[in-house]
1. Which one of Phe247, Phe173 is on the phi < 0 side of the Ramachandran plot and in contact with a Cys (Cβ under 8 Å, 6 or more places away or on another chain)?
2. Could you tell me which numbered condition Val113 fails, if it satisfies all but one of (1) under 30 Å from Phe215 (Cβ atoms); (2) part of a loop (DSSP other than H, G, I, E, B)?
3. Of all residues in the stretch 129-159, which are free of Cβ contacts under 8 Å to residues at least 60 places away in the same chain and under 23 Å from Phe74 (Cβ atoms)?
4. Keeping to the stretch 1-57, report how many residues are crowded, with 19+ Cβ neighbours inside 10 Å, in a loop (DSSP other than H, G, I, E, B) and at pLDDT 95 or above.
5. Given the options Thr104, Thr142, name the one that is among the hydroxyl-bearing types (Ser, Thr, Tyr), part of a helix (DSSP H, G or I) and within 30 Å of Leu235 (Cα to Cα).
6. Among (1) touching a residue at least 12 places away in the same chain (Cβ under 8 Å); (2) not assigned by TED's automatic domain parsing to the domain that holds Thr168, where does Asp110 come up short?
7. Which residue is surrounded by the most Cβ atoms within 10 Å (Cβ to Cβ), if the candidates are limited to the stretch 225-250 and must be touching a residue at least 24 places away in the same chain (Cβ under 8 Å) and farther than 22 Å from Ala139 by Cβ?
Amino acid sequence: MNQSSSQDSNSPESGTADWQDYGKYRGRVLHREKLANNVSRYIVEKPEGFTFQPGQAVELAIDEEGWREDKRPFTMTSLPSNPRLEFIIKSYKTEENPQHDGMTEHLGRDVEVGDRVIFGDAWGTITYRGPGIFIAGGAGLTPFIAIFRSLEQQEQIEGNRLFFSNKTKNDVFLQGDLFRMLGRSAVCTLTQETHPDYESGRIDREWLEHRVDDFSQNFYVCGPPAMVEDIQEILKSLGADPEALVFEGKE
């Protein structure tokens, strides 16, 4: 899930799961490691009875005094069949991103192996509907990871492409996994620096026109809200079917 979305922690509109049940499950952090600039992988106990589909998320909070009510949406990046849950989470500094109220900063800085998190039932509208182009901005990649892993497991990943946008090369994560699964169909672009191993530029109309021949296929889009909105409008103006655009919040 793209955790860059700002949400009121008291809003019953967050996600599609029952807001009162967000603390239904608890799990201990079994492992954590840094993947990129402010991005970490967390392996968490999988509670009995918890199920999800690739691409879905949960409302998650830190099981600690003062933090249990501060929940945010995060996507499971592991496969549903895995005995453990994996989350890949980007931390945001409060002084630069006050809308996050310090939750992801505290998670990235202070939560260690043995600490617990609490979360509710899985929800989300980003599910696989057939081959297409996946467009991700930063942490917006996370809903696509389990989808790609599931497709690879089923030997059905062929025919899909990924456009992955980040500010700098130090922000890119899971590049090896993406190239292993998708090969040259995975394209990473940088918006704030140039590097010989990456493409450059924002994913805008011109960028897409140079790389996409068929706009009648499925498009999966996830990232900062402004980026998602802009890309949706660009795709529709280039002939994409609105019904073939998959993004969080779409009914």
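The values are calculated or read from the model by the stated rules, or taken from the named source; none is laboratory data. None of the values given here were measured: they were computed from a predicted structure. In this analysis, Cβ positions are derived from the backbone assuming ideal geometry, glycine residues included, and neighbour counts consider all displayed protein chains.
1. Within the list Phe247, Phe173, the selection yields Phe247.
2. If we test Val113 against (1) under 30 Å from Phe215 (Cβ atoms); (2) part of a loop (DSSP other than H, G, I, E, B), just (1) comes out false.
3. Phe148, Leu151, Glu152
4. Matching residues across the stretch 1-57 total 5.
5. Of Thr104, Thr142, the one residue that is among the hydroxyl-bearing types (Ser, Thr, Tyr), part of a helix (DSSP H, G or I) and within 30 Å of Leu235 (Cα to Cα) is Thr142.
6. For Asp110, the exception is condition (1).
7. Ala240
Let's see how each residue does on (1) among the aliphatic types (A, V, I, L, M); (2) over 25 Å from Glu158 (Cα atoms):
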{"site": "Cys188", "(1), (2)": "no, no"}
{"site": "Thr194", "(1), (2)": "no, yes"}
{"site": "Asp197", "(1), (2)": "no, no"}
{"site": "Glu206", "(1), (2)": "no, yes"}
{"site": "Phe215", "(1), (2)": "no, no"}
{"site": "Leu235", "(1), (2)": "yes, no"}
